[in-house]
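Undergrad: Here it is, the structure, as structure tokens.
The values are calculated or read from the model by the stated rules, or taken from the named source; none is laboratory data. Please read these numbers as outputs of a predicted model, since none were measured by experiment. Ideal geometry is used to build each Cβ from the backbone, glycine not excepted, and the neighbour counts take in all protein chains shown.
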Amino acid sequence: MTADRYRSVFAPGLFKGRTVVVTGGGSGIGRCTAHELAALGAHVVLVGRNAAKLEAVAGEIAHDGGAASFHICDIRQEVAVQSMVQAIVAARGRIDGLVNNAGGQYITPLEKISAKGWDAVVATNLTGGFLVAKECYLQSMQAHGGAIVNIVADIWGSMPGMGHSGAARAGMVSFTETAAMEWARSGVRVNAVAPGYIASSGMDHYPPEAGPMLREMAETVPAGRFGTEAETSAGIVFLLSPAAAFISGTVMRIDGARPQVRMGWGQVSAPVEAQSRDAVKPFNGFHRYQTPKVFQS
């Protein structure tokens, strides 16, 4: 740990009195975002399938002086999502923000993806996000307004090796744009954040043989490095904040210009001395950040 509190760039108390739901809040980007929102005064509701992880993060937030609760839910199940949102509204009165972060995929070429595998990834990364957003809208935001941020991925150029995830994430971008249009009449904003190569615990879910490839990916990023969880969280928090009141239906890329890489350019990644300059050096505001095992020596 570098400090005993989250070091956010946003004003203290920014989300005081607000309730924000974070799916997939038990690890990685979701955990980091939950910590930042709680440090800024929000009551964070963690949602996921692993009770132990959710309880641990809620305990961390409470230890740091924040407020959090959690609900165990399989977001792929419509009835379960309806009940989960109903319980949150009953306990908190309303839902002011939603971070649709839960997701997952595995590396495999298209021809080896079974129908079951395809359906599982699409259900998690697209259908589940739709169900949670719809219920938050119907049960709270339609009457009170709110802000939704859907977490997608670097799909520009698509996702060879993870075509099921690429298709689902592209679908979520379209859903984001449609919801932003249809729900604007209720005072609801809907945006997306597309993380690029972020050094989060999600990288440890890939098989050990993927380790060398994962460690070398930074060389393909013009910024010359991996992004941090805190840099991703900052984008999410901004889009949830009042400063983004006129931003809806858009995707914020957090990727160090990775999709702009083209063959024939020569050296892609910035040299070490450039990476240390103030405008681009890493921001690590999350005091409880844990380096993914794949990057540990």
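Undergrad: Output the residues belonging to the range 129-172 that are among the aliphatic types (A, V, I, L, M), at pLDDT 95 or above and more than 17 Å from the chain's Cα centre (by Cα).
TA: Those that are among the aliphatic types (A, V, I, L, M), at pLDDT 95 or above and more than 17 Å from the chain's Cα centre (by Cα): Leu138, Met141, Ala143.
Undergrad: Being part of a helix (DSSP H, G or I), closer than 23 Å to Gly30 by Cα, in contact with a Gly (Cβ under 6 Å, 6 or more places away or on another chain) and modelled with pLDDT of 95 or more, is that true of even one residue in the range 176-185? Let's see the steps before the verdict.
TA: As a first pass, look at the range 176-185 and keep what is part of a helix (DSSP H, G or I): 176-182, 184-185.
Next, only the ones that are closer than 23 Å to Gly30 by Cα stay: 176-177, 179-180.
From the residues that got through so far, the ones that are in contact with a Gly (Cβ under 6 Å, 6 or more places away or on another chain) too are 177, 180.
With the extra rule that they be modelled with pLDDT of 95 or more, the set shrinks to 177, 180.
Yes, the range 176-185 has at least one match.
Undergrad: Same structure, new question: In the range 207-246, which residues are surrounded by fewer than 16 Cβ atoms within 10 Å (Cβ to Cβ) and either assigned to a loop (DSSP other than H, G, I, E, B) or charged (D, E, K, R) (or both)?
TA: Matches in the range 207-246: Pro207, Glu209, Arg215, Glu216, Glu219, Ala245, Phe246.
Undergrad: Under 23 Å from Pro242 (Cα atoms) and basic (Lys, Arg) - does that describe any residue in the range 52-61?
TA: No, the range 52-61 has no match at all.
Undergrad: Counting just the residues of the range 186-206 that are part of a helix (DSSP H, G or I) and modelled with pLDDT under 75, which one comes out nearest to the chain's Cα centre (by Cα)?
TA: In this case the residue turns out to be Met203.
Undergrad: Which residues, taken from the range 126-163, are in contact with an Asp or Glu (Cβ under 9 Å, 6 or more places away or on another chain), buried (at least 19 other Cβ atoms within 10 Å of the Cβ), free of Cβ contacts under 8 Å to residues at least 60 places away in the same chain and not hydroxyl-bearing (Ser, Thr, Tyr)?
TA: Once the filter is applied, which keeps residues that are in contact with an Asp or Glu (Cβ under 9 Å, 6 or more places away or on another chain), buried (at least 19 other Cβ atoms within 10 Å of the Cβ), free of Cβ contacts under 8 Å to residues at least 60 places away in the same chain and not hydroxyl-bearing (Ser, Thr, Tyr), the range 126-163 yields Leu131, Glu135, Met141, Gly146.
Undergrad: Go through the range 62-82 residue by residue and tally those that are of a type in the set (Asp, Glu) and within 18 Å of Arg7 (Cα to Cα). Can you show your working first?
TA: Let us first name the residues in the range 62-82 that are of a type in the set (Asp, Glu), namely 64, 74, 78.
Pick out the ones that are also within 18 Å of Arg7 (Cα to Cα) and you get 64.
The number of residues fulfilling the criteria is 1.
Undergrad: Considering each of Arg253, Arg258 in turn, give the residue that is of a type in the set (Lys, Arg) and touching a strand residue (DSSP E or B) at 6+ places or on another chain (Cβ under 6 Å). Before you say what the answer is, go through the steps one by one.
TA: Values: Arg258 fails: touching a strand residue (DSSP E or B) at 6+ places or on another chain (Cβ under 6 Å).
Sole residue among the options that is of a type in the set (Lys, Arg) and touching a strand residue (DSSP E or B) at 6+ places or on another chain (Cβ under 6 Å): Arg253.
Undergrad: Give Arg262, Arg277, Arg288 a once-over and let me know the one that is of a type in the set (Lys, Arg), farther than 19 Å from Gly97 by Cα and in contact (Cβ under 8 Å) with a residue 40 or more places away in the chain.
TA: Arg288
Undergrad: Being within 21 Å of Arg49 (Cα to Cα), buried (at least 24 other Cβ atoms within 10 Å of the Cβ), out of contact with any Ser or Thr (no Cβ under 7 Å at 6 or more places or on another chain) and of a type outside the set (S, T, N, Q) narrows it down to one residue among Ala168, Ala123; which is it?
TA: Ala168
Undergrad: If I ask for residues that are crowded, with 24+ Cβ neighbours inside 10 Å and in a strand (DSSP E or B), which ones from the range 29-47 would you list?
TA: Val44, Val45, Leu46, Val47
Undergrad: Do you know which of the residues in the range 3-20 that are hydrophobic (A, V, I, L, M, F, W, C) and in a loop (DSSP other than H, G, I, E, B) is surrounded by the most Cβ atoms within 10 Å (Cβ to Cβ)?
TA: Residue satisfying both the conditions and the ranking: Phe15.
Undergrad: Which ones in the range 250-286 are of a type in the set (Gly, Ala, Ser), part of a loop (DSSP other than H, G, I, E, B) and surrounded by fewer than 17 Cβ atoms within 10 Å (Cβ to Cβ)?
TA: Ala257, Gly264, Gly266, Ser276, Ala279
Undergrad: Ok, one more. Does any residue of the range 76-95 turn out to be free of Cβ contacts under 8 Å to residues at least 60 places away in the same chain and either assigned to a loop (DSSP other than H, G, I, E, B) or within 17 Å of the chain's Cα centre (by Cα) (or both)?
TA: Yes, the range 76-95 contains a residue that is free of Cβ contacts under 8 Å to residues at least 60 places away in the same chain and either assigned to a loop (DSSP other than H, G, I, E, B) or within 17 Å of the chain's Cα centre (by Cα) (or both).
Undergrad: Out of the range 96-113, which residues are closer than 28 Å to Gly163 by Cβ and either in a helix (DSSP H, G or I) or modelled with pLDDT of 95 or more (or both)?
TA: Of everything in the range 96-113, those that are closer than 28 Å to Gly163 by Cβ and either in a helix (DSSP H, G or I) or modelled with pLDDT of 95 or more (or both) turn out to be Leu98, Val99, Asn100, Asn101, Leu110, Glu111, Lys112.
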